[in-house]
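To start, the structure itself, in structure tokens.
The values are calculated or read from the model by the stated rules, or taken from the named source; none is laboratory data. Treat the numbers as computed from the prediction; the structure is a model and nothing was measured. Quick reminder, even Gly has a Cβ in these numbers, built from the backbone with ideal geometry, and neighbours come from all protein chains shown.
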Amino acid sequence: MNLRKIYPSLLAADLAAAEAWYTKLLGRGPDHRPMDTLLHWELFDQGGLMLSSSEEIARQGTMFLYVDDLKAERRRLQGLGIMLGDDNEGDYSTLAQVRDPDGNLITLASPPRRPFPPA
């Protein structure tokens with residue numbers, strides 16, 4: 001497999017409400033609207049995020065977002081009315097979680113403090 005990009009796709013019952021919530025979370029609106037039931041963010045060269053109101057495209061899921069400064073993101077999101085859960089100190093990163101309006105679990109994580117072990 002020669003992967004070029006990856007796009008997790010999450011299910012949204014109300015695509016307009018999901019767009020507003022994720023615009024706050026990500027700090028900007030979507031880049032593409034390929035169809036009425038799909039929003040698409042290009043987050044970096046290797047991929048992004050898709051939100052869809054179609055169960056043929058997406059199902060409920062989880063997503064990890066590694067951020068440079070978890071404390072700064074917590075403050076930014078709190079100012080927008082998105083409340084992260086308590087910090088959870090993991091073996092590699094500090095994690096904080098929130099559920100979107102559709103129940104998808106979003107985990108923000110600090111950069112790993114040390115390399116992950118090889119598979």
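Looking at region 50-78, I want the residues that are touching a residue at least 12 places away in the same chain (Cβ under 8 Å) and have a partner that is among the aromatic types (Phe, Trp, Tyr) and part of a helix (DSSP H, G or I) with Cβ atoms under 8 Å, at least 6 apart or on another chain. Which pairs are those?
LEU51/TYR22
In region 1-29, what residues are free of Cβ contacts under 8 Å to residues at least 60 places away in the same chain, under 21 Å from ARG99 (Cβ atoms) and either touching a His at 6+ places or on another chain (Cβ under 6 Å) or aliphatic (A, V, I, L, M) (or both)?
Within region 1-29, LEU15, ALA16, ALA20, LEU26 qualify.
Being of a type in the set (Gly, Ala, Ser) and within 18 Å of ALA20 (Cβ to Cβ): is that true of SER52 here? Before the answer, list the steps.
Working: of a type in the set (Gly, Ala, Ser): yes; within 18 Å of ALA20 (Cβ to Cβ): yes.
Considered against the rule, which asks whether it is of a type in the set (Gly, Ala, Ser) and within 18 Å of ALA20 (Cβ to Cβ), SER52 comes out as yes.
Has region 57-78 got any residue that is in contact with a Gly (Cβ under 9 Å, 6 or more places away or on another chain) and among the aliphatic types (A, V, I, L, M)? Before you say what the answer is, go through the steps one by one.
Of the residues in region 57-78, the ones in contact with a Gly (Cβ under 9 Å, 6 or more places away or on another chain) are 60, 76.
Still in the list and also among the aliphatic types (A, V, I, L, M): none.
Checking region 57-78: not a single residue is in contact with a Gly (Cβ under 9 Å, 6 or more places away or on another chain) and among the aliphatic types (A, V, I, L, M).
What number of residues in region 16-45 are of a type outside the set (Asp, Glu), over 28 Å from ARG75 (Cβ atoms) and not in a strand (DSSP E or B)?
Within region 16-45, residues that are of a type outside the set (Asp, Glu), over 28 Å from ARG75 (Cβ atoms) and not in a strand (DSSP E or B) number 1.
Quick one: count up the residues across region 55-76 that are of a type in the set (A, V, I, L, M, F, W, C) and within 17 Å of ASP100 (Cα to Cα).
Let us first name the residues in region 55-76 that are of a type in the set (A, V, I, L, M, F, W, C), namely 57-58, 63-65, 67, 70, 72.
Checking the rest, the ones that are also within 17 Å of ASP100 (Cα to Cα) come to 58, 63-65.
Looking only at that region, the number is 4.
For (1) over 12 Å from the mean Cα position of the chain (by Cα); (2) part of a loop (DSSP other than H, G, I, E, B); (3) surrounded by 11 or more Cβ atoms within 10 Å (Cβ to Cβ), each residue gets a yes or a no:
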residue: LEU65; (1), (2), (3): no, no, yes
residue: ARG74; (1), (2), (3): yes, no, yes
residue: TYR92; (1), (2), (3): yes, yes, yes
residue: PRO101; (1), (2), (3): yes, yes, yes
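Being of a type in the set (A, V, I, L, M, F, W, C) and closer than 18 Å to ALA17 by Cα is the filter; apply it to region 34-49 and report the residue that is surrounded by the fewest Cβ atoms within 10 Å (Cβ to Cβ).
Here is the first cut: in region 34-49, the ones of a type in the set (A, V, I, L, M, F, W, C) are 35, 38-39, 41, 43-44, 49.
Still in the list and also closer than 18 Å to ALA17 by Cα: 35, 38-39, 41, 49.
Numbers: MET35: 11, LEU38: 19, LEU39: 25, TRP41: 19, LEU49: 21.
That would be MET35.
Select from region 74-118 the residues that are of a type in the set (A, V, I, L, M, F, W, C) and either at pLDDT below 90 or over 24 Å from PRO8 (Cα atoms) (or both) and list them in ascending order. Give the steps one after another, and end with the answer.
Residues of region 74-118 of a type in the set (A, V, I, L, M, F, W, C): 77, 80, 82-84, 95-96, 98, 105-106, 108-109, 116.
Listed by number, the list holds a single entry, PHE116.
Have a look at LEU84, LEU108, LEU70 and point out the one that is under 30 Å from MET35 (Cα atoms) and surrounded by 17 or more Cβ atoms within 10 Å (Cβ to Cβ).
Values: LEU84 fails: under 30 Å from MET35 (Cα atoms); LEU70 fails: under 30 Å from MET35 (Cα atoms).
After ruling out the rest, the residue left standing is LEU108.
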